[in-house]
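Here, each number is a calculation from the coordinates, and none is a lab measurement. Computed from a predicted structure; not experimentally measured. So basically every Cβ, Gly included, is an ideal-geometry build from the backbone, and we count neighbours across all protein chains shown.
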Amino acid sequence: MRSVSNFAMRGLNGFAGRLSRLAGAGLAAALFFAPLTSALTAEVNIYSARKEVLIKPLLDAFTAETGIAVNLVSGKADALLQRLEREGANSPADVLLTTDAGRLVRANQAGLLQVTPTAALTAAIPAQYRDPAGAWFGLSLRARPIMYAVDRVSSAELSTYAALAGPQWAGRVCVRSSNNIYNQSMLAAFIDHQGVAKTEVWATRMVANFARKPQGGDRDQIRAVAAGECDVALANTYYLARLATSDKEADRTVAAQVAVFWPDQNGHGVHVNISGAGVTASAGNVANAIRFIEFLAGDIAQQTYAEVVNEYPVTPGVPWSDVVATWGTFKADDLNLTVLGENNAEAVRIADRAGWQ
């Protein structure tokens with residue numbers, strides 16, 4: 001594995017500046033002047049589905065605070081699950097860091113995670129965002145609301161997810177493929193709230209309202225709204241935030257043409273999901289793995305999730321990023337996210353029957 005955390009000898013000044021902004025100059029100075037060693041003996045091995053450019057500041061901060069070196073393997077989320085299964089008890093991974101509760105539940109059902117509840121994680125993470133037994137823990141929240149064209153749609157026309165399946169939205173909706181787990185998890189949540197039959201009716205009517213065959217990722221749906229290919233889309237908010245804060249003028253122009261609407265505020269609330277982590281069943285560095293996950297649930301990491309990644313912190317009370325805060329507060333669905341994995345297979349079948357490709 002390749003170590004990405006022995007950063008101290010190559011750019012510590014820049015990292016101390018980041019910590020100063022996130023945690024206050026006092027903590028940054030303490031870390032900056034802490035004794036350094038050229039070789040770190042304690043380690044933890046991470047399989048991560050998060051982009052390295054986003055997660056690396058967190059890994060560096062963890063090493064600075066604990067002296068534990070982080071060995072990182074990055075990859076696609078499903079590929080990492082398959083790799084863990086192939087490696088079995090011989091896997092060197094200590095922590096699986098991935099996106100979507102559905103994948104974490106799948107990993108747990110496959111016996112790839114072990115139960116490691118701690119008082120710190122139980123206190124920091126609300127119950128609906130962690131496995132009840134302690135096999136996995138949510139570390140950041142991602143909301144999936146309605147996004148709409150500000151020049152063609154009034155917020156007064158919008159209300160609920162269910163209403164998007166109405167005839168007034170025929171040919172006006174964009175959303176990515178049902179092969180994507182974000183949409184599978186959304187359907188899984190709907191199954192829990194209203195049952196299979198009603199969810200299938202909704203999915204079928206949504207397909208009839210599609211402006212085009214599903215294609216691309218969430219950013220592509222937002223761009224399609226801005227381009228006039230559709231009037232509304234379902235997408236995770238951090239994709240809009242990345243467009244809004246991009247160094248490319250074209251991206252910022254796209255973001256300015258799209259607004260966020262929080263559906264179902266008088267009902268179950270906005271569909272939310274997580275990125276999260278669990279200690280692998282094969283872990284050889286269990287204590288370090290637990291310490292790493294606890295660190296990610298702490299204030300410094302939670303502020304990084306907010307300010308750098310533009311996701312919602314899972315720990316209550318941590319401020320949101322400036323761009324995210326402009327969209328206002330909202331009521332989130334509070335169902336326990338284990339449901340997203342438990343209902344995944346049925347969600348896939350519903351999407352197939354509805355013709356949601």
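The translational diffusion coefficient of the stretch 33-183, from Stokes-Einstein at 37 °C and 0.692 mPa s with a Kirkwood hydrodynamic radius over alpha carbon pairs, comes to 175 µm²/s. Over the chain, the hull volume per residue, using the convex hull of the C-alpha atoms, is 133 Å³. Its Cα centre serving as origin, the stretch 241-357 has a Cβ charge dipole (Lys and Arg +1, Asp and Glu -1) of approximately 160 debye. Computed over the chain, the per-residue total of -39500 (n - 2.57) for DSSP H runs of n ≥ 4 gives a 222 nm mean residue ellipticity of -13000 deg cm²/dmol, rounded to 500. Which links in 51/198; 56/248; 198/331 stretch past 26 Å when you go from one Cα to the other? Distance filter (> 26 Å) returns 51/198. List the longest stretch of the chain that has no exposed loop site; here a site is one of the trypsin sites (Lys or Arg not before Pro) assigned by DSSP to anything other than H, G, I, E or B, with at most 14 other Cβ within 10 Å. Formally, the longest exposed-site-free interval is 249-330.
Placing unit charges on each Cβ (+1 for Lys and Arg, -1 for Asp and Glu) gives the stretch 124-229 a dipole about its Cα centre, and among 143, 225, 164 the Cα reaching farthest toward its positive end belongs to 225. Summing Cβ point charges (Lys, Arg +1; Asp, Glu -1) relative to the Cα centre of the chain gives a dipole of roughly 600 debye. Placing unit charges on each Cβ (+1 for Lys and Arg, -1 for Asp and Glu) gives the chain a dipole about its Cα centre, and among 253, 236, 66 the Cα reaching farthest toward its positive end belongs to 253. With viscosity 1.002 mPa s and temperature 20 °C, the Kirkwood radius over alpha carbon pairs of the stretch 115-209 converts through Stokes-Einstein to a diffusion coefficient of 134 µm²/s. The stretch 87-161 and the stretch 290-309 have Cα centres separated by 14 Å.
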